[in-house]
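What follows draws every value from the coordinates through simple rules; no lab data is involved. It should be emphasised that the depicted structure is a prediction, and the values quoted were computed from it without experimental measurement. Because the Cβ atoms are built from the backbone with ideal geometry, glycine has one as well, and the counts that use them run over all protein chains shown.
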Amino acid sequence: MQKRFLTLLFSCLITSLSAQTPPGEIYQNIKKLNVLGSALYIAAHPDDENTLMLAYLAKDRLVRTGYMSLTRGDGGQNLIGSEQGYNIGLIRTQELLAARKNDGAEQFFSRAYDFGYSKTREETLKFWDEEKVLGDVVWMIRKFQPDVLITRFPPDPRAGHGHHQTSAYLAEKAFTLAADPTSYPEQLKTYPVWQAKRLVWNTYTPGFTNRKPSDTEQDFIGVELGDYNPLLGKAYTEIAAESRSQHKSQAFGAAPARGQRADYLLHTKGERAKTNLFDGIDLTWNRVKGGAAIEKLVQKALDGFDISAPEKSIPQLIAIYKGLQRLDEGDKYVNQKKEEVKELLVQCLGLWFETNPTTYSGVAGKPVNLKMTVVKRSAYPVQLSKVFWTGMKADSAINLSLANNELVSLERTTVLPVNLPISQPYWIEKPLDKGMFNIPNQKDIGYPENRSKTISTYTFMIDGQPFTYQKAWEYKFTDPAEGEIYRPFEIRPLVTVNLADPVIVFPDASPREVLVTVQAQAKAVQGKVSLTLPSGWKSTPADYSFDLPEQYQQASYSFQVSPTDQQQNTFLKAQATVSGRQYDKSIRSISYRHIPTQTLFPEAEAKLTKMDIHTTAKHIGYIAGAGDEVPSALRQIGCQVTMLDEAELSKDLSMYDAIVVGVRAYNTETRLGHYQAKLMEYVKNGGTMVVQYTIPSGLKVSELGPYPLTTGRDRITEEDATLHFLNPKHPVLNIPNKITQKDFDGWIQERGLYFAQTWDKQHYEPILAGHDTGEGDLDGALLYAQYGKGVYIYTGLSFFRELPAGVSGAYRLFANIISAGQP
């Protein structure tokens, strides 16, 4: 079992080994060969981690360092686009991986889904299956085998967010359970029990600025994190800022701090440290029988390192590797250091190798053209012995001596295995189970992304010793503005089917157009596309035939769908049939400059909402904020929506029945500071203005509305919390749609956030009040004010989530809000 355990442990090392590494960093990596130890940092979300502590551990203490984020940040805000749910989780996963490339740590996850803000641990565990998430933490401790565990938060209300509290609570329990053979015994078939030496809390104060503990506080140890590393040419604070700044979707760009910076670690469980996080932990080769010889070999490599010619270290690195081969092959440290030596060989040789398909995707069973390139940028003799790639029947013997800085290029065509699965992110292959990703294979737990199924294996002969490396296929191209760009090679279905709208609203019995786009993912695809509708719904025509001769060619088809007579929330599905086989996956690519393109294949379905809804506001001006899909929702109920950019805002605004401001627009759009007076004049002259939530910091205007109004951090996180009608006869609750408690059924994630906190009581009237369990009423979710001849409304209700989700009551209430100033 031990040998199998180590094979699994290092199977994740199919990494990018070819990037040129500066000599100073190579020297540091050689030093790391003599450090045997590890630390695992645990928190709840992307951006919770202390990147400075991670950089210090990985690049100063040189221990293997991991960050386990229980969630992928699926419930967080998105300041760069309109993605929500697991789509923003995909973005934040890649941002975390980019951050880890800077600070040197490894990234892991549990199966917990970020369902949004929660106020308590108890609320969090109503959504998360405690036994499963706790098991995931135990699994990662047993797999990673850290000497120390570090939490970012305490397990109590001091942590604020309920997810934060829960991350520390589960870490404390897992610290003990990971060493208990009666706890999660099924895991022991893969990994052994493990007892970390200690668990500490990386303390902080609001704003993540650390403080020096008072003399009365015990069990703290201080850690100086602001040191400058001359080998890397940066201070750890500078590395941390680069890492933190990868969280672009959360607007967490950070300026590098320089100078002294101390953090404090508070003892939680295990053996107390007195002066050092690794007190009592042997980080040397004394941990391995026979390891003293390796330590001497590494020291010899350090003593003889030539910064101008790193390749001179090759003979000594091979001596270290051979020494490691003589030790216990079942020892985790031995195998870890063998992988580190292999990577050092690549770095010292200036070796570059990769496999690039000529297109960015393929279909199982179909051919794909590959280009494999190898170059050695040093004079040290190396032979490319053989290459193997996915779809190949046997290794390709090359036996080619690599000349200094001469590019070797191999072009081949291979047929992808017919059993290759599509490149769906493994954690969303199955539907969500409330607050949990449904991941049936335990061995997938922890991995930040799919392990590539399309790889090439390169074997090099160096001083008579074979060294084998695996590299995932990557498509690359050159963008005129950005330069060379890589994206993962994808396996796609033969054909995909996309619906133009994720939600289709039927306010009356009239049929609606449903637009379906069929795309061929291989050449010469023919078939039929059709819709599957619930009982009582009708589609005209029944289907269309399509013939798509070229890969990526697409065609769109229009169906007329007529609703049932009953009010109903249901779904339609689209599917293509090719040679008797049905394809029902859509395709969505998420593309931003700072991350590799992410592609996923959701079910080809749309929500159908037949509801009794009316609106008297028809022409809407919309000021986009931090990205939402409310404009599309407004079009669904028959509104004509004009996006108000700089040019449109400079025109006459009186043509609009209502102007709606997107979420956080007052935080992100500097132009609003220039046009606020004009917008207030629009209201005064009879317009209706609706402002969706804004956070209190970083406002681009001095006043949000016509009268004094400030926002705070009040929110109602329970999506089923009762909302009371403070004035049941108010027009917003009655015209043109009669709002009842039923309209608050089926809301997702929350009722609202960033409610108004203070306001001019003489002019603003609160419409709704509600609260989370155990709290007092909040009445800042929806404020109404008359100003001159018009109406101004501020709302923290989460329409930006509810409308794209097709929540019918949210549509009806929002229709009333935009119609508030209409006769």
TODO: Calculate one ³J(HN,Hα) per residue across region 490-495 by plugging θ = phi - 60° into the Karplus curve 6.51 cos²θ - 1.76 cosθ + 1.60, and present them in order as whole Hz with x for glycine and proline.
DONE: 10, 9, 10, x, 4, 8
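How big is the antiparallel share of DSSP beta bridges in the chain, given as a percent to the nearest 5? Can you show the working numbers first?
On the way: 113 of 156 bridges.
Roughly 70 percent of the DSSP beta bridges within the chain come out antiparallel.
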- [ ] Can you put Tyr693, Tyr592 in order of Cβ neighbours within 10 angstrom, beginning with the fewest?
- [x] Tyr592, Tyr693
Task: Long-range HN-HN contacts of Gln757 with modeled amide H, under 5 Å - done: Thr710, Thr711, Gly712
Open item on the list: Rounded to whole Å, give me the distance from the Cα center of region 130-174 to that of region 544-565.
Closed with: 48 Å
Task: Per-residue ³J(HN,Hα) for region 126-136, Karplus 6.51 cos²θ - 1.76 cosθ + 1.60, θ = phi - 60°, Hz, x for Gly and Pro - done: 6, 9, 8, 6, 4, 4, 6, 5, 4, x, 5
Open item on the list: Quick check on packing: order 733-739, 474-480 by the mean number of other C-beta atoms within 10 Å, highest mean leading.
Closed with: 733-739, 474-480
Open item on the list: What does DSSP give for region 37-283 in terms of the percent of beta bridges that are antiparallel, rounded to the nearest 5?
Closed with: 40 percent
Task: Rounded to the nearest 20 debye, dipole of the chain from Cβ charges on Lys, Arg, Asp, Glu - done: 1860 debye
Task: Degrees, to the nearest 10: 314-325 long Cα axis against longest axis of the chain - done: 90 degrees
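Give me the tail of P(r) for the chain as a percent: Cα-Cα pairs with distance above 55 Å. All intermediate terms of the calculation are to be shown ahead of the outcome.
On the way: 56933 of 338253 pairs.
Here the long-distance tail beyond 55 Å is 17 percent of all Cα pairs in the chain.
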TODO: Mind ranking 261-269, 151-159 by how tightly packed they are, going by the mean number of other C-beta atoms within 10 angstrom, highest first?
DONE: 151-159, 261-269
- [ ] Quick one: which residues, 5+ away or cross-chain, put their amide H under 5 Å from the amide H of Ser378? H built at 1.01 Å from N.
- [x] Asn405
- [ ] Based on other C-beta atoms within 10 Å, arrange Tyr321, Tyr544 from fewest to most.
- [x] Tyr544, Tyr321
Task: Beta bridges by DSSP in region 619-818, antiparallel share as percent, to the nearest 5 - done: 50 percent
TODO: Sort out for me the Cα centre separation of region 42-101 from region 610-669, rounded to whole Å.
DONE: 34 Å
Task: Per-selection metrics, region 284-343 (Cα): Rg and Dmax in Å - done: 11.5, 36
TODO: Would you mind checking the pairs Lys143/Lys366; Lys31/Lys143; Lys312/Lys393; Lys31/Lys289; Lys32/Lys430 and listing those with alpha carbons more than 30 angstrom apart?
DONE: Lys143/Lys366; Lys312/Lys393; Lys32/Lys430
- [ ] Give me the distance between the Cα centres of region 777-791 and region 290-341, rounded to whole Å.
- [x] 70 Å
- [ ] Taking a cut-off of 16 Å between Cα atoms, list the lysines near Lys234, but don't count ones fewer than 8 places away on the same chain.
- [x] Lys59, Lys101
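Using the Kirkwood radius over Cα pairs, work out the Stokes-Einstein diffusion coefficient for region 349-470 at 37 °C and 0.692 mPa s, in µm²/s as a whole number. Mind dumping the intermediate values first?
Details: Rh = 16.7 Å.
For these conditions, the coefficient is 196 µm²/s.
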Open item on the list: If each DSSP helix of 4+ residues adds -39,500 (n - 2.57) and the sum is divided by the residues in the chain, what number results at 222 nm, nearest 500 deg cm²/dmol?
Closed with: -6500 deg cm²/dmol
Open item on the list: Apply the Karplus curve 6.51 cos²θ - 1.76 cosθ + 1.60, θ = phi - 60°, to the phi angles in region 808-818 and return the couplings in whole Hz, x for Gly and Pro.
Closed with: 4, x, 5, 4, 5, 5, 5, 4, 5, 5, 6
Open item on the list: List the lysines whose Cα sits under 28 Å from the Cα of Lys742, skipping any in the same chain fewer than 8 residues away.
Closed with: Lys119, Lys126, Lys434, Lys538, Lys573, Lys607, Lys610, Lys618, Lys729
Task: Cut-off under 5 Å, modelled amide H: who pairs with Ala235 long-range - done: Asn229
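Can you put Thr758, Thr120 in order of Cβ neighbours within 10 angstrom, beginning with the fewest?
Numbers: Thr758 12, Thr120 18.
Arranged by neighbour count, lowest to highest, Thr758, Thr120 become Thr758, Thr120.
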